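Asks: One structure coming up, written as structure tokens, with questions to follow.
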Amino acid sequence: MDLDRLTLGERIVGVGAVVLVAASFLHWLGGRITTISLAGRSLPVSHYEFAHRAWAYAVTAVAVVTAIGMLVYLALLVLMAPSALARVSPISLARPLAAFGVLTFLLVALKVAVGADVGLSTFGLPSTSGIAIHVSFTKTRQVGAYVGLIASAAIAGGAILNLREAAQA
């Protein structure tokens, strides 16, 4: 096992992918009921909230699975014989890695920007249409979302750096 065979960009991708996979088990996105208004009276509510991990959302789950795929790719690069790698040009290996790296970042950034779907049904509450009750919600972003965003940015940056390194080789 020779990690020196990886370029700096590939190492950055590897670290970012490990951090993203680890962060996927933290809480990412959620929501909170902020107020309930009944007949014009506002009742503050603070203990009705939820938060989900990255695996709860299809977009972030795809990003994490893509990061796992990149880790497998990097492990194969490290474990393969140098003679087997000599038959493939470095640029042809760097392009898909860069594409998947940017895709991973875009998926995570999109979901963090949009946030969780927050509504009455999210909290298991019935519809209040036709009733003089109004419920206000707010979307929350937990530490896992920010760690995941930074890790996915590292993956994209490392993959682009790797592409530049391959083009110069």
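The values are calculated or read from the model by the stated rules, or taken from the named source; none is laboratory data. Predicted model, so just to flag it, every value in this text is computed and none were measured. Heads up, the Cβs are rebuilt from the backbone with ideal geometry, glycines too, and the neighbour counts pull from every protein chain shown.
Asks: Of all residues being touching a residue at least 60 places away in the same chain (Cβ under 8 Å) and in a loop (DSSP other than H, G, I, E, B) in region 127-169, which is nearest to the chain's Cα centre (by Cα)? Just the residue, please.
Replies: Looking at the filtered set, the residue picked out is Q142.
Asks: Follow-up question, since we're still on this one. So which residues in region 38-71 are of a type in the set (S, T, Y), surrounded by 14 or more Cβ atoms within 10 Å (Cβ to Cβ) and assigned to a strand (DSSP E or B)? Show your work before the answer.
Replies: Let us first name the residues in region 38-71 that are of a type in the set (S, T, Y), namely 42, 46, 48, 57, 60, 66.
After this cut, where a residue has to be surrounded by 14 or more Cβ atoms within 10 Å (Cβ to Cβ) as well, the list is 48, 57, 60, 66.
Hits for region 38-71: nothing passes.
Asks: Next question, about the same structure. Is one or more of the residues making up region 87-97 within 19 Å of A56 (Cα to Cα) and outside any helix (DSSP H, G or I)? Break it down stepwise before answering.
Replies: Here is the first cut: in region 87-97, the ones within 19 Å of A56 (Cα to Cα) are none.
For region 87-97, residues within 19 Å of A56 (Cα to Cα) and outside any helix (DSSP H, G or I): absent.
Asks: Please work out if A75 is crowded, with 17+ Cβ neighbours inside 10 Å, modelled with pLDDT under 95 and not in a loop (DSSP other than H, G, I, E, B). I'd like the intermediate steps shown before the answer.
Replies: Details: crowded, with 17+ Cβ neighbours inside 10 Å: no; modelled with pLDDT under 95: yes; not in a loop (DSSP other than H, G, I, E, B): yes.
For A75, the condition - crowded, with 17+ Cβ neighbours inside 10 Å, modelled with pLDDT under 95 and not in a loop (DSSP other than H, G, I, E, B) - is not met.
Asks: Do we find that F105 is touching a residue at least 24 places away in the same chain (Cβ under 8 Å) and within 30 Å of S42 (Cβ to Cβ) in this structure? Please lay out each step first, then the result.
Replies: Working: touching a residue at least 24 places away in the same chain (Cβ under 8 Å): yes; within 30 Å of S42 (Cβ to Cβ): no.
Answer is no for this residue.
Asks: Still on this model: Is it the case that region 1-13 has a residue that's part of a helix (DSSP H, G or I), among the charged types (D, E, K, R) and free of Cβ contacts under 8 Å to residues at least 24 places away in the same chain?
Replies: First, the residues of region 1-13 that are part of a helix (DSSP H, G or I): 3-5, 8-13.
Next, only the ones that are among the charged types (D, E, K, R) stay: 4-5, 10-11.
After this cut, where a residue has to be free of Cβ contacts under 8 Å to residues at least 24 places away in the same chain as well, the list is 4.
Yes, region 1-13 has at least one match.
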